[in-house]
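In what follows, a structure is listed as structure tokens, so that the remarks can point back to it.
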Amino acid sequence: MRILVTGGAGFIGSHVVDALIENNYNVTVLDNLSTGNIENLNKKAEFIRGDIRDKNLDFRDIDGVIHLGAQVNVRTSLEKPLYDCDVNTLGTLNILETMRRYDVEKIVFASSVAVYGDPKYLPVDEEHPKKPLSPYGLSKYCSERYIELYSELYSIDYTILRYSNVYGERQDPRGEAGVVSIFIESMLKGKAPTIYGDGHQTRDFVYVGDVARGTLMGLNWRNKIVNIATGRETTINQLYTTIADTLNFKGKPRYTGAQEGEIYRMVLDIGRALDLQWRPTVDLGEGIRRTIEWMRRYLKIS
Ligand SMILES: NC(=O)c1ccc[n+]([C@@H]2O[C@H](COP(=O)([O-])OP(=O)(O)OC[C@H]3O[C@@H](n4cnc5c(N)ncnc54)[C@H](O)[C@@H]3O)[C@@H](O)[C@H]2O)c1
């Protein structure tokens with residue numbers, strides 16, 4: 001069985017590719033390397049350097065698509081909403097059209113907690129109202145709706161996964177990385193990280209290996225929308241302390257003004273994923289240890 005992974009050279013995508021290959025799938029990766037890194041890519045995967053928006057994609061011999069290729073930066077989406085929509089929504093639509101042309105019947109789509117917007121209640125389940133606060137969240141939500149429509153119209157089978165905040169090995173601390181990598185890099189270099197706001201804001205941090213396993217399982221779920229998270233709420237201050245304790249870093253955080261439009265609390269309900277036999281297995285402490293090990297090698301800091 002051959003699976004096409006878009007964005008397979010990226011942070012999450014490269015872990016998904018590793019998991020697929022470990023499970024004896026044949027893998028083709030489509031990635032334009034805009035933020036991905038070829039060094040991340042498993043040597044057993046076939047690699048096509050290309051764009052998800054290319055109208056002449058060839059899906060011959062592809063049995064299913066895992067679609068992670070995207071513009072992933074919320075700030076970029078606010079500065080360049082047309083670009084964000086072009087890559088994320090029209091890119092997804094182009095993948096669906098190509099699937100239709102080649103009779104590919106299964107898509108697993110990497111959606112995001114960003115589709116929910118400001119929580120009306122916690123934990124946020126899949127039925128929670130969708131009111132994205134950024135073009136990025138909206139382009140993900142539009143993509144979801146196109147996927148559902150294509151399922152109705154053309155019997156394409158889907159799994160939509162709404163990831164919370166993913167962290168782990170290969171998340172590049174440069175650029176627009178997650179807070180976990182940014183804190184680790186900063187502390188490894190002996191600098192106290194900055195916390196925006198009072199640090200009591202919360203997120204649901206999920207380890208990339210668990211996300212990759214859930215994404216693989218998604219190949220066998222039918223027409224489901226599923227939160228992939230831990231169901232645990234962690235404050236940014238707790239995250240800081242966990243990383244600092246692991247590194248024996250004594251510096252105190254620098255606090256500065258809260259970021260405009262930032263959501264204060266977020267944690268996802270993972271009941272549906274649990275019913276489907278997926279559960280997170282790596283807790284924050286262990287995930288942070290693994291990320292630190294990787295980051296030391298990546299930054300060549302002993
Ligand atoms: N990291 C998170 O916390 C998180 C949370 C929710 C959802 N997601 C989603 O998961 C997916 C993977 O994100 P990531 O964190 O690994 O980011 P990433 O930037 O590492 O991965 C995205 C990949 O897509 C590729 N890409 C971008 N535009 C492309 C295009 N036009 N054509 C082909 N390839 C293209 C990039 O080169 C990169 O390899 C994305 O769809 C993202 O929206 C991530």
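Read the figures in this text as sums done on the coordinates, not as results from a lab. These figures come from a predicted structure and were not determined experimentally. Note that we place each Cβ from the backbone using ideal geometry, even for glycine, and neighbour counts take in every protein chain shown.
Quick one: Debye curve from the alpha-carbon atoms of region 31-140 only, equal weights, vacuum; give me log10 I(q)/I(0) at q = 0.13 Å⁻¹ to two decimals. With no solvent term, the Cα-only Debye profile gives -0.58. Just to confirm the number: angle between the C-alpha axis of helix 236-247 and the first principal axis of the chain, 0 to 90 degrees, nearest 10? Once rounded, the angle reads 80 degrees. Across region 92-219 the C-alpha pair distances fall into 5 Å bins from zero in the proportions 2, 9, 15, 17, 19, 15, 10, 6, 3, 2, 1, 0 percent.
Within 10 Å of each candidate Cβ there may be at most 11 other Cβ atoms; applying that plus a DSSP loop requirement, which GluC sites (Glu not before Pro) in region 98-192 survive? The partial results should precede the final answer.
Details: sites: E105, E126, E127, E144, E148, E152, E169, E176, E185; in loops: E105, E126, E127, E169, E176.
Loop-located and lightly packed - E127.
Here r is the Cβ-Cβ distance between R145 and E262 and R0 is 22 Å; the resulting FRET efficiency, rounded to 0.05, is 0.30. Considering all C-alpha pairs of region 240-302, those separated by over 20 Å amount to 56%. Structural descriptor for region 122-221: relative contact order 27 percent, calculated from alpha carbon pairs under 8 angstrom and at least 6 residues apart.
Normalising the average separation of contacting C-alpha pairs (under 8 angstrom, six or more residues apart) by the number of residues puts the relative contact order of the chain at 17 percent.
On alpha carbon coordinates alone, what is the Rg over Rh value for the chain, Rh being the Kirkwood radius?
Values: Rg = 18.7 Å, Rh = 19.6 Å.
Using Cα coordinates only, the ratio equals 0.95.
Between R100 and T235, residue separation times 0.36 nm minus the direct Cα-Cα distance comes to 44.2 nm. When the alpha-carbon atoms of region 198-290 are used, the pair Rg, Dmax equals 15.7, 49 angstrom. Placing R0 at 30 angstrom, the Cβ-Cβ distance between D86 and Y121 gives a FRET efficiency of 0.35 after rounding to 0.05.
With charges only on Cβ, +1 for K and R and -1 for D and E, what is the dipole size of region 159-302 about its Cα centre, in debye, rounded to 20?
In debye, rounded to 20, region 159-302 gives about 380.
List, in the order given, every pair from K80/K191; K80/K300; K250/K300 whose Cα-Cα distance in the structure shown is over 24 Å. It would help to have the intermediate numbers written out before the result.
Numbers: K80/K191 32 Å; K80/K300 34 Å; K250/K300 21 Å.
Flagged as over cut-off: K80/K191; K80/K300.
Axis of helix 11-22 versus longest Cα principal axis of the chain: the two differ by about 60°, to the nearest ten degrees. For helix 179-188, report the angle its Cα long axis makes with the longest principal axis of the Cα atoms of the chain; keep it between 0 and 90° and round to the nearest 10°. That works out to roughly 50 degrees.
Extension gain for E22-I182 works out to 54.6 nm (0.36 nm per residue, less the C-alpha to C-alpha distance). Summarising the label geometry, the points placed 7 Å from Cα in the beta-carbon direction at R222 and E46 lie 2.8 nm from one another.
Using a Förster radius of 25 Å, what is the FRET efficiency between N73 and S155 based on their Cβ-Cβ separation? Nearest 0.05, please.
Numbers: r = 34 Å, r/R0 = 1.36.
Step by step, r from the Cβ atoms, then E = 0.15.
Under Stokes-Einstein, with the Kirkwood radius over Cα pairs as Rh, the value for region 183-228 at 20 °C and 1.002 mPa s is 154 µm²/s. Since only T76, N23, F59 are under comparison, the one whose Cα sits farthest along the positive direction of the charge dipole of region 1-84, derived from C-beta charges on Lys, Arg, Asp and Glu, is T76. Only the Cβ atoms of Lys and Arg (+1) and of Asp and Glu (-1) were treated as charged; on that basis the dipole of the chain about its Cα centre amounts to roughly 800 debye. Applying 0.36 nm per residue to the separation of D58 and K250 and subtracting their alpha-carbon distance, the gain on full extension is 63.7 nm.
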